[in-house]
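Quick notes on the structure that follows.
The values are calculated or read from the model by the stated rules, or taken from the named source; none is laboratory data. Remember, predicted model here, so these are calculated numbers, not experimental data. Using ideal geometry, Cβ is built from the backbone for each residue, glycine included, and neighbour counts are taken over all protein chains shown. Keep in mind that these areas ignore ligands, DNA and RNA; they rest on the heavy atoms of the full protein, side chains included. Shrake-Rupley method; radii C 1.70, N 1.55, O 1.52, S 1.80 Å.
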Amino acid sequence: MPELPEVETIRRELEPLVCGKTFAPPILHMPSTIEYPEPEDFSGLLAGNTIVNLGRRGKYLLFNLDRGILAVHLRMTGNLVYTASGLPPGERFLRVSLPFAGGSALHYSDMRRFGRLWLVSGPDELEEKVLKRIGPDILEEVDLDKFVALLGKRQRSRLKALLLDQGFAAGMGNIYTDECLFRCGLHPRRQVSSLSRKEAEELYRSVKSVLADGIEHGGTTFRDYRNASGALGDFQSRLAVYGRLGETCPCGTPIEKTREAGRGTYFCPRCQK
Ligand SMILES: [Zn+2]
């Protein structure tokens with residue numbers, strides 16, 4: 001599932017390709033992909049809009065338009081691919097095609113069909129219709145003081161569940177959360193109230209470093225993720241615990257897997273307290 005670094009990678013790749021381009025009428029191969037407004041209204045409202053820049057909040061990709069904002073959430077298996085020819089990229093699970101005036105196009109495909117698109121009139125409607133329960137972007141909008149303040153409101157939460165909670169802060173998913181907790185030596189089940197100030201600061205630095213490293217390496221590639229040009233990220237080769245059940249941690253202890261917050265969770269029982 002794409003997490004913040006994968007969405008940020010897509011944002012950085014797409015921005016120079018699509019900025020200044022004007023949408024032609026879209027083709028809805030699967031209209032239920034459009035969450036808001038009604039699909040028949042979406043098409044008329046999107047056509048004629050020009051892309052000003054690309055933003056992001058957590059895992060939401062935001063196309064800032066001259067009249068509104070197009071928001072995209074890829075969920076489990078969503079994929080956005082740009083083609084200069086405008087032709088579909090040969091994806092089997094094409095859901096929405098977004099052609100531009102002049103011939104190029106963006107194509108949204110999604111095997112599992114959980115991904116969604118929204119078209120809203122501006123920032124207020126974006127908050128109301130799309131980001132109502134979504135916290136600040138954990139990479140861009142949370143500094144150390146804010147992080148500590150947010151932790152203060154969630155004293156009873158356990159770390160794995162907390163970092164996965166997009167209402168706490170937006171962007172972390174299963175892979176980067178496990179890697180982050182390994183980096184700072186904290187057990188996924190630790191309760192926030194048990195953290196010292198030093199541990200809270202290490203957790204903060206670990207969040208930032210794991211996301212920055214993920215972005216630097218173009219994201220993590222598993223079964224379904226491709227970045228916008230169809231290339232593969234390579235952060236998976238740098239994962240220390242995720243997906244490494246039974247492999248040996250540098251400390252000599254086998255990596256274990258448990259279930260935490262309903263998700264498969266990898267950790268080193270010796271390094272993470
Ligand atoms: Zn270890």
*Hey, in the GNM for the chain with a 10 angstrom Cα cutoff, which one of Leu163, Leu139, Leu17 fluctuates hardest?*
Leu17
*At q = 0.16 Å⁻¹, work out log10 I(q)/I(0) for the chain with the Debye formula, treating every Cα as an identical point scatterer and leaving solvent out; two decimals please.*
-1.18
*Starting from the Cα-Cα distance between Ala47 and Glu125, subtract it from 0.36 nm times their residue separation and give me the gain in nm to one decimal.*
26.2 nm
*Under a 10 Å cutoff between Cα atoms, tell me which one of Thr253, Thr77, Thr177 has the largest fluctuation in the Gaussian network model of the chain.*
Thr253
*With the dipole of the stretch 162-273 worked out from charges on the C-beta (+1 for Lys and Arg, -1 for Asp and Glu) around the Cα centre, which of Gly171, Thr221, Leu186 lies farthest toward the positive end?*
Leu186
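Given a 1.4 angstrom probe, what's the average accessible area per residue across the stretch 111-167, in square angstrom?
Per residue, the stretch 111-167 has 56 Å² of solvent-accessible surface.
Can you tell me what the convex hull of the Cα atoms of the stretch 1-158 projects to on average, as an area in nm²?
10.0
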*For His187, list long-range residues whose amide hydrogen, built 1.01 Å from N in the peptide plane, is under 5 Å from its own amide hydrogen.*
Lys273
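Give, rounded to the nearest 20 debye, the magnitude of the charge dipole that the chain has about its Cα centre when Lys and Arg contribute +1 at Cβ and Asp and Glu contribute -1 at Cβ.
1120
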_Pairwise centroid distance, computed over Cα atoms, of the stretch 1-53 with the stretch 60-131, Å_ = 3
*Given a Förster distance of 30 angstrom, what is the FRET efficiency for Thr253 paired with Arg156, based on the Cβ-Cβ distance and rounded to 0.05?*
0.55
*Could you calculate the FRET efficiency of Leu87 with Arg113 from 1/(1 + (r/R0)^6), where r is the beta carbon distance between them and R0 is 30 Å, rounded to 0.05?*
0.85
*Highest-MSF residue in the chain out of Leu62, Leu203, Leu144 [GNM, Cα springs under 10 Å]*: Leu144
_Given the -39500 (n - 2.57) contribution per DSSP H run of 4+ residues, what per-residue ellipticity at 222 nm results for the chain, rounded to the nearest 500 deg cm²/dmol?_
-8000 deg cm²/dmol
